[in-house]
Amino acid sequence: MDWLSSVFWAFWYILPAYFANASPVIVGGGRPIDGGRTWKDGRRLLGDGKTWRGFLGGVLIGTSVGLIQYFITPQFYGSLENALKLAFLLSFGALIGDLVGSFIKRRANLPRGYPAIGLDQLGFLISALAFAYPVKTLSSAQIIFLLIVSPFVHWGANYFAYRMGWKSVPW
Ligand code: CTP
Ligand code: MG
């Protein structure tokens, strides 16, 4: 594989995780997953930024992206079942990683929406890659590439969402 197709397939592979992580900004809101509960330290378990609607909507949108991808490049996935499994695990993994990130942020006494460099940009990605690993994975070079470029994609997407008025802060 030449480097350009290697880069393309890395993005193509991770796309459901990107969509799953970004869509709660638009579809989220309502009842928080932690139900307002606090941890031993008296601070919120996850905070108001992590909602059921965002989580389930993100999984649904990410998995749907995988379904569309299957019809564009069926040979990349082998079967529809494989494509759906992969997209679901990438999306679910991304959103679980996002929750773990918020849990850590709350323990560090960072308020909702406060930026945590590294955690915000890579937590969802590492978790998505780990969940999807048993179904299909990338080469180590492709994974390293995604770890390097994803923070920039994340910042770009957040800035875009901010300019569109979907988010109150550009990170
Ligand atoms: N969101 C949601 N449900 C989720 C994840 C995100 O509703 N499971 C929505 C919330 O409106 C959230 C926004 O998407 O404010 C942006 O997500 P994110 O940056 O992950 O959350 P933050 O508000 O920054 O909260 P935290 O400090 O916990 O990361
Ligand atoms: Mg945030």
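Quick notes on this structure:
- Against the main long axis of the alpha-carbon atoms of the chain, helix 140-163 sits at an angle near 50°.
- Computed over segment 100-171, the ratio Rg/Rh where both radii use C-alpha atoms and Rh is Kirkwood: 1.03
- Long-range lysine pairs (8 or more apart or interchain), the chain, Cα under 16 Å: 4
- Size descriptors for the chain: radius of gyration and Dmax over Cα atoms are 16.2, 53 Å.
- Accessible surface of residue 126 - all protein chains present, 1.4 Å probe, nearest 10 Å²: 90
- Helix 80-107 axis, angle to the chain major axis (alpha carbon atoms, nearest 10°): 30
The values are calculated or read from the model by the stated rules, or taken from the named source; none is laboratory data. The model shown is predicted, which means the values in this text are computed figures rather than measured ones. Accessible surface is based on the protein model in full, side chains and every heavy atom, while ligands, DNA and RNA are left aside. Shrake-Rupley method; radii C 1.70, N 1.55, O 1.52, S 1.80 Å.
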